[in-house]
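First comes the structure, then the notes that go with it.
Each value in this text was obtained by applying a stated rule to the coordinates, not by laboratory testing. Quick caveat: nothing in here was measured; it's all calculated off a predicted structure. Every residue, glycine as well, gets a Cβ built from its backbone with ideal geometry; the counts of neighbours run over all protein chains shown.
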């Protein structure tokens with residue numbers, strides 16, 4: 001068995017990690033995002049405004065890391081939310097939900113901790129799948145064949161700059177089927 005491929009992810013659009021990685025990508029498929037607080041990249045303190053503002057900034061930081069690694073919120077499969085006061089549950093929960101659609105809510109844990117770094121009120125981590133590693137299951141040769149032929153034709157008709165937009169459209173089509181399986185490349 002080959003050793004797993006491990007790549008450390010770091011983007012300047014999220015707060016710098018000190019002594020740990022912002023995220024780790026394993027086998028170019030699974031992304032583990034370290035706990036993010038309400039800090040803004042380049043700043044040393046959390047945003048003002050309480051738990052709701054901190055949760056929004058933490059999720060924004062996660063979004064930047066997901067994008068940099070080639071994933072997105074629609075591919076998040078698990079989150080852990082830590083708060084220093086369980087009375088903040090409603091505010092944090094409402095903010096968290098704004099980053100997902102009802103059909104993409106990830107599995108999640110929500111719990112209270114005694115203290116967080118920089119006296120933050122909220123910390124959120126995530127696990128996501130890198131988008132290119134998922135496709136729909138095809139029960140008929142026609143369905144998979146059509147997707148592959150369409151993708152090939154579209155790829156030949158567009159410039160490489162537009163290829164990412166087409167890939168996103170196919171991700172949406174794949175997601176709408178509700179049957180996502182690992183891509184066997």
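Numbers for the structure displayed
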read-out: Dimensionless Rg ratio for segment 6-129, taking C-alpha atoms and the 2.2 N^0.38 Å reference; value: 0.97
read-out: Ranking of 111, 89 by count of other Cβ atoms within 10 Å, fewest first; value: 111, 89
read-out: Length gained when the stretch residue 30-residue 94 is fully extended (0.36 nm per residue, less Cα-Cα span); value: 20.4 nm
read-out: Hydrodynamic radius (Kirkwood) for segment 1-68, which is based on Cα pairs only, to one decimal in Å; value: 12.7
read-out: Span from the segment 82-116 Cα centroid across to the segment 1-60 one, whole angstrom; value: 16
